[in-house]
Amino acid sequence: MDANYQGLFYSIEKSIEKKKQLFEVSKLGYGARAMLATLFLTLGTAIAVITAQYAEKAIPGSGKFLYSFMFSWSLVMIIYMNAELGTSNMMYTTVAVHRKYLTVKNALILLFTCLLFNLIGGIISSYLVSLTSIFQDLPADHFLFKAIEGKLAKTPLQIFTEGIFANIIVNTAVFSTIRMKDDAGKVIAMIFIIFIFAFLGFEHLIANFSSFPLAYFAAAGAVTGMNVYTVGMNFLLAGLGNFVGGGLVIGLTYSWLNRRSHAYQD
C-alpha cells in the first residue's frame with residue numbers, strides 16, 4: 001500500500017490528539033488560538049473587500065475575482081499559525097467521536113468552546129480593523145456592505161445548502177494540506193480550493209463571524225437587512241450546514257470508509 005495513503009488518517013488522528021491535549025492543558029490557551037483564527041479571517045476579509053472595491057472601479061466585474069483570491073489567504077494564515085477554526089474542528093471532532101478518541105459530550109464542549117472564541121475573536125478583531133483609516137467613511141455601495149446585504153437576503157434553504165458546500169470545500173483544503181509535504185503546493189492548493197467557496201458566495205459560519213461585525217462597525221450601524229433575527233438565522237443555518245458538510249460528508253464518511261477497508265486507506 002502507498003505510504004502516503006496510510007499516512008492521511010494517521011495525521012488526522014495525531015491532530016485530534018494534539019487538540020485534545022491542548023484543550024485539557026489550557027482551555028484559555030485553546031480559546032486564544034480560536035480567537036487568532038478569526039483575527040486572521042478578519043484580516044483576510046479586510047484586504048479582500050478593499051482590493052475588490054478598487055478592482056471593481058478599475059474593471060467592472062473584476063471585484064469578485066480579486067476578493068475570492070485575497071480571501072483565500074485567510075486559511076493559509078490559520079493553518080500555518082496553528083489557530084483553531086470551528087468549521088475544520090467540526091470534521092475533527094466528528095472523526096474523534098466515531099473513532100472513540102472523544103466522547104460526544106467532550107467533543108461538543110471542545111467544538112462549542114472553539115466556536116464561542118471564534119465569535120469573540122471575530123467581534124474584537126472586526127471592531128479594531130474598523131478603526132483603521134482605510135475603513136473610515138466607506139460609501140454605502142461599498143463591496144463589503146453589498147456582500148453582507150446579499151448574504152442577509154438569502155432564504156433559509158439557501159443558507160443551509162451553501163453552508164454544506166462551504167465546509168465540504170474548507171475541509172477538502174484541510175485534507176490537502178495534510179496529504180501534501182511541499183509548502184508551496186499546500187499554499188497553492190488552499191488558495192485555489194478556498195477560491196471556490198469564496199467566489200460562489202457560500203456560507204461559512206466563522207467567516208461570517210468576521211464579515212458581519214466588520215460591516216456593522218464600518219457602517220457605524222446595521223447595514224440593510226441586518227437585525228438580530230437575520231444575523232442569528234444566518235449563523236444557525238450556516239453552522240448547521242457547515243456541520244453537515246464538514247462533520248458528516250467529509251469527517252464521518254471518510255472515517256467510516258477507512259475503518260471498513262484494510263486494502264485501501266485514504
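Assorted remarks:
- Residue by residue, region 44-58 carries 3J(HN,Hα) couplings of x, 5, 4, 5, 5, 6, 5, 5, 5, 4, 5, 5, 5, 5, 6 Hz when phi is fed to the Karplus relation 6.51 cos²θ - 1.76 cosθ + 1.60 (θ = phi - 60°); x denotes Gly or Pro.
- Net +/- balance of residues flanking ALA140 in space, Cβ distance below 11 Å, scoring K and R +1, D and E -1: -2
- Springs between Cα atoms under 10 Å define the GNM used for the chain, and in it the highest mean-square fluctuation of ILE194, ILE250, ILE47 occurs at ILE47.
- Of all lysines in the structure, those lying under 19 Å Cα to Cα from LYS57, and not within fewer than 8 positions of it along the same chain, are LYS146.
- Within the shell of other residues whose beta carbon sits under 13 angstrom from the beta carbon of GLY245, the net charge comes to -2, with Lys and Arg scored +1 and Asp and Glu -1.
- With N as its number of residues, region 74-170 has a Cα radius of gyration that, divided by 2.2 N^0.38 Å, comes to 1.35.
- Three-way shape label, region 51-94, alpha-carbon gyration tensor, a/c 1.5: prolate
- Using the Karplus relation 6.51 cos²θ - 1.76 cosθ + 1.60 with θ = phi - 60°, the per-residue 3J(HN,Hα) values for region 96-111 come to 4, 5, 4, 9, 6, 7, 9, 6, 4, 4, 5, 5, 5, 4, 4, 5 Hz, with x marking Gly and Pro.
- Of interest is the spacing of the C-alpha centroids, which for region 131-163 and region 63-80 amounts to 16 Å.
- Counting only residues at least eight positions apart within a chain, or on another chain, the lysines with an alpha carbon under 24 Å from that of LYS14 are LYS27, LYS100, LYS105, LYS181, LYS186.
- The aspartates and glutamates within cross-link reach of LYS151, meaning a Cα-to-Cα straight distance under 18 Å and a gap of 8 or more places when in the same chain, are ASP141, GLU162, GLU203.
- Our coupling estimate for region 122-132, obtained by passing each phi through the Karplus curve with A = 6.51, B = -1.76, C = 1.60 and θ = phi - 60°, is x, 5, 5, 4, 5, 4, 5, 5, 5, 7, 6 Hz, Gly and Pro reported as x.
- Size descriptor, Kirkwood hydrodynamic radius, that averages inverse alpha-carbon separations across region 122-222, Å: 15.1
Values quoted throughout were computed directly from the atomic coordinates according to the rules given, and no laboratory measurement underlies them. As the structure is a computational prediction, the values presented were derived from the model and not from experiment. Note that each Cβ is placed from the backbone with ideal geometry, even for glycine, and that neighbours are counted across all protein chains shown.
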